[in-house]
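Inspection log for the structure reproduced underneath, given as structure tokens.
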Amino acid sequence: MLAAMQRSPLNVVLSSGTSISSTALMADSAWRAVAYCLHPRVIYLSLLPLILAATGLGLLGWFGWEPGVAAVRQALDTWGISHNVLAWLDRAGLSFLRTAAAPFLLVLMVVPLVIVVCLLLVAGLMTPSLVKLVRHRRFPQLLDRDATPWWRSLLWSAGASITALALFVVSLPLWLMPIFAVLVPPVIWGWLTYRVMAFDTLVDVASPTEREVLLKRHHGSLLGMGILCGYIGAAPAALWAMGALTVILAPLMVLLSVWLYTLVFAFSSLWFAHFLLSALQAQRQASPSSSVSGDTVDIHIGTST
């Protein structure tokens, strides 16, 4: 029975009798997540990570911006390849970019750290509250099956974050090629989002066995959701395409980016909550008396938001 549940995709039967696939469940969960982002509690919770991140980044920008730019500029001056690149910019008539190179590279190194910090803050502060909100409104019949210590969730998130940062550092040379610069970062952040959000959504409501089955059975869908969230999360980076004005307004731009990233992660948390709680309900109702076959697991889910 357990093996069959791991192999078979989820087939959801709405209260109207309409059967939808796991892909359709992803779409259904996505629009619900967008609607929930307008909930006053979600808007309020999105400000908490912003305040904490803004305080930390404000102190870092106030005390560390100029030393950081100076350190990056010194590193560029001692690196042979940078001399060739800067000389090419001079020949191409883009010498004004020479002064912006160090601040831009510093921002390029800081923003990924901001993303990770926001993700951990959302996972630690927002995800439990958002999961409770979804459970209360859509799945009040789901009972807790496990009381996981807080430090296990912290270790899981920290391990996934360290792995993502390691992948980021290793993949940096690939970013010199445009195709990899477009593909690699969202995939890394998408994988991190999937690992952290999926675990924190199920940390209390599902038993370890149920959690393992769900993560294996819906691995493809969850990873796809994470990668899509990674690409959505890359959208705030467009704020940094304002040229020299970006350097002047760097502290404000960082804070605005943090808030936008926080909203994206709030949407991601809600998306995973709607999807995984639906899947968990389906898994618990899958029994010898349920509509179970080798290919599908059917469940009736209310269409209310």
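The values are calculated or read from the model by the stated rules, or taken from the named source; none is laboratory data. Everything numeric here is computed off the predicted structure, so don't read it as measured data. Cβ sites come from the backbone with ideal geometry, for glycine too, and all protein chains shown count toward neighbours.
Tabulated results
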item: Of residues in the range 159-180 being surrounded by fewer than 13 Cβ atoms within 10 Å (Cβ to Cβ) and within 19 Å of the chain's Cα centre (by Cα), the one nearest to residue 202 (Cα to Cα); result: 159
item: Test result for residue 152, closer than 13 Å to residue 204 by Cβ, at pLDDT below 85, over 17 Å from the mean Cα position of the chain (by Cα) and part of a helix (DSSP H, G or I); result: yes
